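The values are calculated or read from the model by the stated rules, or taken from the named source; none is laboratory data. Since the structure is predicted, the reported quantities are computational estimates derived from the model, not experimental observations. Quick reminder, even Gly has a Cβ in these numbers, built from the backbone with ideal geometry, and neighbours come from all protein chains shown. Heavy atoms of the whole protein, side chains included, go into the accessibility calculation; ligands, DNA and RNA do not. Shrake-Rupley method; radii C 1.70, N 1.55, O 1.52, S 1.80 Å.
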Amino acid sequence: MKKSLLALAVAAFAVSSAASAATVYDQDGTTLAVYGRIQGVVYSQDSGKTGNSYGDTGLQGSGRLGFDMRTPLTDGIAAFAKAEWEMADNGERGGARDDDHFKSRYLWVGADFGQYGQLKAGKFEDAVKYVLLPTDIFDDFGCNGQLDNDDKRDGMFMYTWSGYGVTANVSYQTAKDGQLVDGAWNATVNERLDINDAYAISLGYESGDVLFGPIGVRLGYAHTDFQDDANVTKWSNGSDYDDYNQYAASLYWGSLNVGPYVGALYQTRDFGMKNGADDYQVQGAEFVVAYGFENGVSLRAGYNWMNYDEDNGPDVEAHTIPVIAMYNVTPNFRVWGEARFDVGTDDDAAEDKNFREVTGQTFDENVYSIGARYTF
């Protein structure tokens, strides 16, 4: 059975640092690989990533450490597991600013049935994440038109099958408290809700090379039910979150390694509310272009649009352009410069016409970063 290497890679949601993992144990088919990265990034003021409460330009250091494990069980069946953690100084990426942190990113265990697919359980994103990947090509300032990009959740199951250019993913989530829900900006604890259950499905097809690379299309749907009377909003009327439905579709052509690449995404997440709150929708679109040179230089740019539309309430939009220039000095060492430009985000003085005031998300400032990363 011929399988697409790209489809297999994204179906497993492997992180980029895993590509250079070092196998430290390999005996009788049982392997242990170690991978990670260490980076330093200077973030500009108002980027939300500077690690200080004043919003001033600052240097942030962070690292990741991961383990990939695999062992054969019977002919054609193997067990596998992944554990990955993130470490950061002074609360990088929105953590507490009073101390360093060490937190899990991915934790899962599963079984690989060869041509019959894989089943895994643990902490990771749902099946819709697969649909979002074609436009997730920036380091910090992209993905402004999508939700679910950072929704790594506990209590997940997912089955993945790939073959003949097709990749299918089905995920299910059990009940868990305090899970990240991208777009739940009206929650008392920002974007953290108690989940009753959730399921998602995605399907994709990738062709062989057409001119400068393969052409791919992906579709996805997700539904999440929240716990009754447990997800109170920031309003004082006793309202809370009920559920959401999400739809996503993406297209891409080419490869990010060498040569041209183009990608496009549309997604919408519709939140149902209870007890006096209005339902609202968060939708967005992303378009990206990139070119990779054989000398290790890569140039990427895009356009991101997001719309927040509340029944009988605010209807605001954000428009941004992310750009990044990267240079892979060696396979293990990269330097880059990245920026995000505001190109029309609603920022009127009236609260219901200001994207930042309505959602708490800051897209109306031009920001930049300069970084260096060592990957092992």
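A few notes on this one:
- Remark: relative contact order (region 326-376) = 43 percent; criterion is Cα-Cα distance under 8 angstrom and separation of 6 or more residues.
- For the chain, the longest site-free run once trypsin sites (Lys or Arg not before Pro) in DSSP loop states with at most 13 other Cβ atoms within 10 Å are removed: 235-376
- Take every Cα pair under 8 Å whose residues are at least 6 apart in sequence, average their separation, divide by the length of the chain, and the relative contact order is 13 percent.
- Taken over region 116-264, lysine pairs spaced eight or more positions apart, or on distinct chains, with alpha carbons under 23 Å apart number 9.
- Size of electric dipole in the chain: Cβ of Lys, Arg +1 and of Asp, Glu -1, about Cα centre, debye, nearest 20: 1840
- Estimated distance in nm for a label pair at residue 291 and residue 209, the labels positioned 7 Å out from Cα along Cα-to-Cβ: 1.9
- Inter-part distance where region 164-222 and region 240-280 are each reduced to a Cα centre, Å: 9
- Measuring nothing but how far apart in sequence close Cα pairs (under 8 Å, 6+ apart) lie, relative to its length, region 228-376 scores a relative contact order of 15 percent.
- Within region 270-376, the proportion of Cα pairs with more than 19 Å between them is 57 percent.
- Cα centroid separation, region 40-86 to region 316-351 (Å): 20
- Mean accessible surface per residue for region 236-329, computed with a 1.4 Å probe while every protein chain stays in place, in Å²: 40
- The helix-only estimate of mean residue ellipticity at 222 nm for the chain, built from DSSP H runs of length n ≥ 4 each weighted as -39500 (n - 2.57), is -1000 deg cm²/dmol after division by the residue total.
- Sparse packing (at most 16 other Cβ atoms within 10 Å of the Cβ) combined with a DSSP loop state is found for the following chymotrypsin sites (Phe, Trp or Tyr not before Pro) in region 163-214: 164, 212.
- Residues whose amide H falls under 5 Å from that of residue 182, counting only those 5 or more places apart or on a different chain, are 148, with hydrogens built in the peptide plane.
- For region 171-299: span of alpha carbons on each principal axis (Å, largest first): 57, 25, 23
- Across all directions, the average projected area of the convex hull around the alpha carbons of the chain is 18.7 nm².
- Only Cα sites of region 130-222 enter the Debye sum here, all with the same form factor; the resulting log10 I(q)/I(0) across q = 0.14, 0.17, 0.18, 0.23 1/Å is -0.64, -0.88, -0.95, -1.25, listed in q order.
- Over region 37-195, accessible surface divided per residue gives 41 Å², non-protein components excluded, 1.4 Å probe.
- Loop-located GluC sites (Glu not before Pro) in region 270-368, at most 15 other Cβ atoms within 10 Å (DSSP): 294
- Each residue of region 311-323 is assigned a 3J(HN,Hα), and the resulting list reads 4, 6, x, x, 9, 10, 10, 10, 10, 9, 10, x, 9 Hz, derived from the Karplus form 6.51 cos²θ - 1.76 cosθ + 1.60 (θ = phi - 60°), x at Gly and Pro.
- Shown for the chain: the carbon plus sulfur share of the solvent-accessible area, taken with all protein chains present and a 1.4 angstrom probe, equals 55%.
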